[in-house]
Amino acid sequence: MIASILTLSRPDCKILKITDPYSIHRVIYSLFPKPEDKNRDFLFADKGGNFNERRILILSKRSPLQPEHGIIESKEIPESFLSWDLYGFEIRLNPVKREKTGGKILPIRGRENLLEWFCSKSESWGFTTGRESLQIQSSGIQTFEKQDGLVTQNMATFIGRLKVSDRPRFIKSFEEGIGRGKSFGFGLLEILPLREQLNT
C-alpha cells in the first residue's frame, strides 16, 4: 500500500475549482485512471488546511499520477506497520443503518447513538475499542450537487484507540476502507501504532 499527501495551494484550488466534496472527488479520481474490469483501489480523506493550502490524504494500491496542479508526496507502507496490536486512530465515516422493514437507509445522529453504533460495528471491522477512549470530533451532514441532483451524506469523525481482534479483517478494513461513501472521502482508517495498554 502507498500513502500519499496531495497539497494544494490556494491558486491550485482556484484553478481546480475546489468548492465541495464532489470537486475533491473529481481531482482525486483524476490521479487514478480506472483500469479495465477493476474497482476503485484507493481511499482519500480531506484534511482541510488553512488560508494558504489544503491537504488530502490518500491510501492506494498503486502510485498516483503526478498532478498538473499541486504537489504529491508518496511513500510505501511497510507490511510490519499492520502487525501491531494497539493503534490510535482517526476515521471519518458515513454512519447509517438499514431499516429492518422496508430496507430504507437511515442516518445515525446524536453523540450517544453514534458511539453505540461505532462500538457495535467495530468487531466486524477487525478490532475493538473501549467506549471511554472513543471521541467524536465532529458530526453533521455534507451536501453537494451531482449530475443527477443534490446528494446529502451523514458524517462523523471518530478518534480513539483500538485493539486488533481479527488481523485479516483489520488489514482489509485498512486497505479497502470502512462503511459507505468511500468515493467521497469516507472510510479511510488513519492509524498510529501504540505501545501503551488499552482497556477494552
Considering P35, P67, which residue is touching a residue at least 24 places away in the same chain (Cβ under 8 Å) and of a type outside the set (D, E, K, R)? P67
If the requirement is being of a type in the set (F, W, Y), touching a His at 6+ places or on another chain (Cβ under 9 Å) and under 28 Å from Y22 (Cβ atoms), which of these qualifies: F118, F144, F158? F144
Report the residue count in the stretch 125-146 for those that are of a type outside the set (V, I, T) and under 13 Å from K163 (Cα atoms). 7
Assuming R92 fulfils every condition listed in (1) assigned to a strand (DSSP E or B); (2) of a type outside the set (S, T, Y); (3) surrounded by fewer than 14 Cβ atoms within 10 Å (Cβ to Cβ) apart from one, which condition is it? (3)
Take the residues of the stretch 20-72 that are under 18 Å from R10 (Cα atoms) and among the polar types (S, T, N, Q): which is surrounded by the most Cβ atoms within 10 Å (Cβ to Cβ)? S23
Hey, any hits in the stretch 143-163 for a residue that's hydroxyl-bearing (S, T, Y), in contact with a helix residue (DSSP H, G or I) (Cβ under 6 Å, 6 or more places away or on another chain) and either under 19 Å from L192 (Cβ atoms) or surrounded by 15 or more Cβ atoms within 10 Å (Cβ to Cβ) (or both)? no
Only residues that are more than 14 Å from the chain's Cα centre (by Cα) and in a strand (DSSP E or B): list them for the stretch 35-54, please. G49, E53, R54
Any chance the stretch 130-139 includes a residue that's at pLDDT 90 or above, outside the structural domain of I28 (by TED's automatic domain parsing) and out of contact with any helix residue (DSSP H, G or I) (no Cβ under 8 Å at 6 or more places or on another chain)? yes
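The values are calculated or read from the model by the stated rules, or taken from the named source; none is laboratory data. Computed from a predicted structure; not experimentally measured. As a convention, Cβ positions derive from the backbone with ideal geometry for all residues, glycine included, and neighbour counts pool all protein chains shown.
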